[in-house]
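Right, one structure below, let's go through it.
The values are calculated or read from the model by the stated rules, or taken from the named source; none is laboratory data. Just so it is clear, the structure is predicted and the values come from calculations on it, not from any experiment. For neighbour counting, all protein chains shown are included, and Cβ atoms are generated from backbone atoms with ideal geometry for every residue, glycine included.
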């Protein structure tokens, strides 16, 4: 496989864990996106961004977008990490929210992370509690998968990090790189 770099932005650790798994599999350099410069990206043919999903946004994606014109000709792949179970409609919504027509050539993959309120900031805990209150009295048939995941995970520690989620991304790279 060509030379590449894995960039990650991880607030609570799941995204970094996926970046580390990819690094072992691909033997790419791994760096926190906050510590890399555009000049450091120039030698790499493949760039993988691993970013967590927060309020439908993908952390770290802004850096890729801001340097996108300088990254033309490189293979860029995004792995979004979230607490919800995989659902194609939800992933399509996240894609639409994050990738305008200018970035439509960047593929998006998904991996489920973890849920651990003891690691969350006060702000994140508060937002999750507000979401929980907003969905807890809904009828089961009205619950979306992310709502069910929130209700079943609240107050628990759940770790869904699994290298199996990376199979589609790795297959894509083998086909394209």
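Sort out which residues of region 74-95 are surrounded by fewer than 18 Cβ atoms within 10 Å (Cβ to Cβ), at pLDDT below 90 and in a loop (DSSP other than H, G, I, E, B), and write them in order of number.
Passing the criteria: 85, 86, 87.
For region 104-124, check the following and say yes or no: at least one residue is loosely packed, with under 15 Cβ neighbours inside 10 Å, closer than 29 Å to residue 40 by Cα, out of contact with any strand residue (DSSP E or B) (no Cβ under 7 Å at 6 or more places or on another chain) and at pLDDT 85 or above.
Checked against the condition, which is being loosely packed, with under 15 Cβ neighbours inside 10 Å, closer than 29 Å to residue 40 by Cα, out of contact with any strand residue (DSSP E or B) (no Cβ under 7 Å at 6 or more places or on another chain) and at pLDDT 85 or above, region 104-124 yields at least one hit.
Among the numbered criteria (1) assigned by TED's automatic domain parsing to the domain that holds residue 45; (2) surrounded by 11 or more Cβ atoms within 10 Å (Cβ to Cβ), which single criterion is violated by residue 164?
(2)
All but one of (1) modelled with pLDDT of 85 or more; (2) outside the structural domain of residue 54 (by TED's automatic domain parsing); (3) surrounded by 14 or more Cβ atoms within 10 Å (Cβ to Cβ) hold for residue 129, so report the exception by its number.
The number of the failed condition is (3).
Give me a count of the residues in region 19-66 that are in a loop (DSSP other than H, G, I, E, B) and closer than 21 Å to residue 177 by Cβ. Give the steps one after another, and end with the answer.
So in region 19-66, the residues in a loop (DSSP other than H, G, I, E, B) come out as 27-28, 36-37, 42-45, 55-56, 59-60.
Among the residues that remain, those that are also closer than 21 Å to residue 177 by Cβ are: 27-28, 36, 42-45, 60.
Adding up the residues that qualify gives 8.
Tell me, yes or no, whether region 33-53 has at least one residue that is on the phi > 0 side of the Ramachandran plot and touching a residue at least 40 places away in the same chain (Cβ under 8 Å). Spell out how you get there, then give the answer.
As a first pass, look at region 33-53 and keep what is on the phi > 0 side of the Ramachandran plot: none.
No, because not a single residue in region 33-53 is on the phi > 0 side of the Ramachandran plot and touching a residue at least 40 places away in the same chain (Cβ under 8 Å).
Does region 96-123 hold any residues that are farther than 26 Å from residue 163 by Cβ and either assigned to a strand (DSSP E or B) or not assigned by TED's automatic domain parsing to the domain that holds residue 168 (or both), and which are they?
Matches in region 96-123: 121, 122, 123.
Scan region 139-150 residue by residue and report those that are modelled with pLDDT of 85 or more and surrounded by 13 or more Cβ atoms within 10 Å (Cβ to Cβ).
Passing the criteria: none in range.
Listed here are the residues, each with its yes/no results for (1) loosely packed, with under 15 Cβ neighbours inside 10 Å; (2) under 23 Å from residue 70 (Cβ atoms).
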{"residue": "6", "(1), (2)": "no, yes"}
{"residue": "12", "(1), (2)": "no, no"}
{"residue": "16", "(1), (2)": "no, no"}
{"residue": "23", "(1), (2)": "no, no"}
{"residue": "26", "(1), (2)": "no, yes"}
{"residue": "29", "(1), (2)": "no, yes"}
{"residue": "33", "(1), (2)": "no, yes"}
{"residue": "37", "(1), (2)": "yes, yes"}
{"residue": "41", "(1), (2)": "no, yes"}
